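Below: one structure, written as structure tokens.
The values are calculated or read from the model by the stated rules, or taken from the named source; none is laboratory data. The model shown is predicted, which means the values in this text are computed figures rather than measured ones. Positions of Cβ are backbone-derived with ideal geometry, glycine not excepted, and every protein chain shown enters the neighbour counts. These accessible areas exclude ligands, DNA and RNA; they are computed on the full protein's heavy atoms, side chains included. Shrake-Rupley method; radii C 1.70, N 1.55, O 1.52, S 1.80 Å.
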Amino acid sequence: MSFIEQNLIQNIQAATEALYHKKVEKIILQATNANFEGSHTLVTFGLAKELGQSPESLAQAIGQYLVEKSGIVTQFNVAKGFLNLTINDQVWLQVFNQMRTDKNFGYAPQNGQRVMVEYSSPNTNKPLHLGHLRNIFLGWSMAKILEANGYEVSKTCIVNDRGIHICKSMLAYQKLGEGETPETAGIKGDHLVGKYYVEFDKLHKSQIKPEQTNEKNPATPALQEAEQLLIQWEKGDSATVDLWKKMNGWVYAGFNETYQKVGVSFDKTYYESDTYLLGKDIVQEGLDKGVFYRAEDTSVWIDLTAEKLDKKILLRSNGTSVYMTQDLGTADLKYADYQLDKSIYVVGNEQDYHFKVLFKILDKLGRSYAPGLYHLSYGMVELPEGKMKSREGTVVDADDLLAEMLKIAQEKTDELGKTDDFTPEELQKLYHIIGTGAIKYFLLKVDPKKKMLFNPQESVDFQGDAAPFIQYNFARINSILRKAKQLNVSSQVIDYQAYTQLHSAENHLLQLLASLPAKIKEAAEGYAPSVIAQYAYEVAKGYSKFFAECSIFNAETEAAKSFRVALSAMTAQVIQKAMDLLGIDVPEKM
RNA sequence: GGUCCCAUAGCUCAACUGGAUAGAGCAACUGCCUUCUAAGCAGUAGGUUACAGGUUCGAUUCCUGUUGGGAUCACCA
């Protein structure tokens, strides 16, 4: 809480005591609506009831008191029951001075807690698509935000690298591959494997007999062969394992290329081929504790109907484990590896039910870490015609989209012609910063919980509420700072006393900058990078307005000039920090 | 059918967790570059917050119902 809020709350409490001889415990302030004068607002309806006063007269009385006694409130107005307070500009300048001298402004100190963010978690049978990008950017940003809130964060990825779906692409490759490799085919490894996954689907569908069309899982020869391959793999058959290793290697190389392109990485990768047998001992533990039960056919279940959930299978009658069993095992493994206080799973909302059940089971088993588990459930990215389906080819491929972003960035940059002095390398770097920034911002600005729409026809915005606009303001500021250096305008020392009247655009911007710490906290508590994205845009907009309305180098006084340079520098710093939390770079020039 | 989620301007999204006259961007229309980067600024227009009730000083937000959309309910992962 800022000292302004502390001061106001204390003085409001003092006011109610002095005026009505009653101490009020909780005072809640909110930001003043833009249509009214002031920055802080006290909503008096609740207080009025408690004190037996009318909201209007109470607001008047407290307002009067604050102007006289607080030392920071210069004026107030009352609309209905809302008491709007205007804070002295000198106080705002103090706030400004405080934030610019704080190297860690916005960041919370270490809190000694460990948190894991698991994200991406791809299958190794097809390339990444737009939905994965939302997942990846959310995970990365969430990790950054938690770090900024003082957590020790580890980023992990659980690769789903085994199972029937992997065997499908292996089988198709065996049949049709003719020794093709990413090199000979000239195709990125993950795309090559994805191609054979599609081939398998074609083969499988062509083999479905007329009388099987209504079955949910028609047993075609192709499917049976793939199942056979899975059995071979589980036996450790060397030829099968070698093929599996080779194809997975291609996929990893492809994924890594994409990860690198978008600038994300992991501290730890778990492979399901290593962990898929985990969790069976937990099944035994659950049986011993009486949390699970064994059915007549020897399969193991948990009955969660009392919790308004269903019965869930945990071990098949043939003794093999299911998805849930593995997740129980990896939860224990993660905790054993990192002693986590919190563990965040970034997984799509189609798995809401799965995680509800998973967390409930771990809780029932008495795991101490259960309360710290959180499913960061995000909505699907949909196309105008509906959901993306990889088998039907209606997906927006991640690599294709990134390439298109770079292309648009290049076209737009070249069109504006402001980069004539750039070297080819600098230009490539700039296109990359702008292109990837645009897609990241596009995916992160929306509340994670909500599904969102991507229209390939309109693609991603580079204008208005978009990353390039924010980056543009950062570049603009750097231009200003370069010029300030040239002109020897010092912003180190500011004569605040000589600057008594802030321009409304300055005041607005300053208040925005001051709210960075609150926003970083809010983003972590709500698990919502969108809070930061919206904030970054507002700051950029605030600067743009200031830039248009206040001349910096032709300022009326020296004090104003140096303050404006300092305000610009501070804005650049805040923009950079906010964008960094989103995983978005900012350019010095553009 | 059970459970869960969603519905806000023509389009894409906000709305400080129950607050004021519901805000931005895109698209449309008006102005503004011989002065610090116009990827910009200022303005006009655009809304019965799906619908019907309820709770209260006050509802886009909470409750009930209706309609429409999505997810999930596998001895798949």
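I'd like the full set of residues that are among the charged types (D, E, K, R) and farther than 17 Å from A:Phe546 by Cβ, limited to the range A:452-486.
Start the filter on the range A:452-486 by keeping residues that are among the charged types (D, E, K, R), which leaves A:458, A:461, A:465, A:476, A:482-483, A:485.
Listed by number, the residues that qualify are A:Glu458, A:Asp461, A:Asp465, A:Arg482, A:Lys485.
Where helices (runs of 4 or more DSSP H) sit wholly within the range A:210-318, those with at least 2 residues that are in the same structural domain as A:Pro127 (by TED's automatic domain parsing) and over 30 Å from A:Lys360 (Cα atoms) occupy A:221-235, A:238-262.
Among the residues of the range A:429-438, is there at least one that is hydroxyl-bearing (Ser, Thr, Tyr), surrounded by 18 or more Cβ atoms within 10 Å (Cβ to Cβ) and within 22 Å of the chain's Cα centre (by Cα)? So that I can check it myself, show each step before the final result.
Step one: filter the range A:429-438 for residues hydroxyl-bearing (Ser, Thr, Tyr), giving A:431, A:436.
Subsequent filtering for residues that are surrounded by 18 or more Cβ atoms within 10 Å (Cβ to Cβ) retains A:431, A:436.
With within 22 Å of the chain's Cα centre (by Cα) added as a condition, the list becomes A:436.
There is at least one residue in the range A:429-438 that is hydroxyl-bearing (Ser, Thr, Tyr), surrounded by 18 or more Cβ atoms within 10 Å (Cβ to Cβ) and within 22 Å of the chain's Cα centre (by Cα).
Give the range A:136-158 a look and list any residue that's within 14 Å of RNA strand B (Cβ to nearest atom) and open to solvent by 10 Å² or more (accessible area, probe 1.4 Å), or say none. Correct list: A:Ile158 only. Once the range A:534-574 is narrowed to residues that are β-branched (Val, Ile, Thr) and more than 13 Å from RNA strand B (Cβ to nearest atom), the residue that is farthest from A:Ser490 (Cα to Cα) is A:Val574.
The set of residues in the range A:503-537 being among the acidic types (Asp, Glu) and in contact (Cβ under 8 Å) with a residue 40 or more places away in the chain consists of A:Glu506 alone.
Could you tell me which residue of the range A:319-343 is farthest from RNA strand B (Cβ to nearest atom), considering only residues that are part of a loop (DSSP other than H, G, I, E, B) and touching a residue at least 24 places away in the same chain (Cβ under 8 Å)? Quick ask: steps written out before the conclusion?
Here is the first cut: in the range A:319-343, the ones part of a loop (DSSP other than H, G, I, E, B) are A:319-320, A:322, A:339-341.
Checking the rest, the ones that are also touching a residue at least 24 places away in the same chain (Cβ under 8 Å) come to A:339-341.
Working: A:Gln339: 26, A:Leu340: 22, A:Asp341: 21 Å.
The selected residue is A:Gln339.
Residues that are within 14 Å of RNA strand B (Cβ to nearest atom) and either closer than 20 Å to A:Leu427 by Cα or among the acidic types (Asp, Glu) (or both) within the range A:362-403 comprise A:Glu382, A:Glu385, A:Glu392, listed in sequence order. Looking only at the range A:100-123, residues that are at pLDDT 95 or above, in contact with a helix residue (DSSP H, G or I) (Cβ under 8 Å, 6 or more places away or on another chain) and farther than 30 Å from A:Tyr323 by Cα come to 4 in all.
Restricting to the range A:346-361, give me the number of residues that are open to solvent by less than 10 Å² (accessible area, probe 1.4 Å) and within 13 Å of RNA strand B (Cβ to nearest atom).
First, pick out the residues of the range A:346-361 that are open to solvent by less than 10 Å² (accessible area, probe 1.4 Å): A:346, A:348, A:355, A:357-358, A:361.
From the residues that got through so far, the ones that are within 13 Å of RNA strand B (Cβ to nearest atom) too are A:348, A:355, A:357-358.
So the count comes out to 4.
For the range A:482-491, taking the residues that are in contact (Cβ under 8 Å) with a residue 40 or more places away in the chain and open to solvent by 60 Å² or more (accessible area, probe 1.4 Å), the one that is farthest from A:Ala572 (Cα to Cα) is identified as A:Leu487. Just to be sure I understand, how many residues within the range A:448-481 are open to solvent by 50 Å² or more (accessible area, probe 1.4 Å), under 24 Å from A:Thr394 (Cα atoms) and near RNA strand B (Cβ under 8 Å from one of its atoms)? Number of matching residues: 6. Does A:Ala572 meet the test of being within 30 Å of the chain's Cα centre (by Cα) and surrounded by 15 or more Cβ atoms within 10 Å (Cβ to Cβ)? Yes; evaluated as a whole, the condition is true for this residue. If you go through the range A:531-546 and pick out every residue that is open to solvent by less than 10 Å² (accessible area, probe 1.4 Å) and under 20 Å from the mean Cα position of the chain (by Cα), you end up with 6. For the range A:547-569, taking the residues that are part of a helix (DSSP H, G or I) and open to solvent by 50 Å² or more (accessible area, probe 1.4 Å), the one that is farthest from A:Leu516 (Cα to Cα) is identified as A:Glu558. Checked against (1) in contact with a Gly (Cβ under 9 Å, 6 or more places away or on another chain); (2) open to solvent by less than 60 Å² (accessible area, probe 1.4 Å); (3) of a type outside the set (Asp, Glu), A:Lys280 passes all but condition (2).
Which residue, of A:Lys519, A:Lys485, is part of a helix (DSSP H, G or I), out of contact with any helix residue (DSSP H, G or I) (no Cβ under 8 Å at 6 or more places or on another chain) and more than 8 Å from RNA strand B (Cβ to nearest atom)?
Details: A:Lys519 fails: out of contact with any helix residue (DSSP H, G or I) (no Cβ under 8 Å at 6 or more places or on another chain).
The conditions single out A:Lys485.
Going by what's in this entry, would A:Glu178 be described as without any contact (Cβ under 8 Å) to a residue 24 or more places away in the chain and crowded, with 17+ Cβ neighbours inside 10 Å? So A:Glu178 fails the test. Each residue in the range A:386-407 was checked for being within 14 Å of A:Glu257 (Cα to Cα) and open to solvent by 50 Å² or more (accessible area, probe 1.4 Å), and 2 pass.
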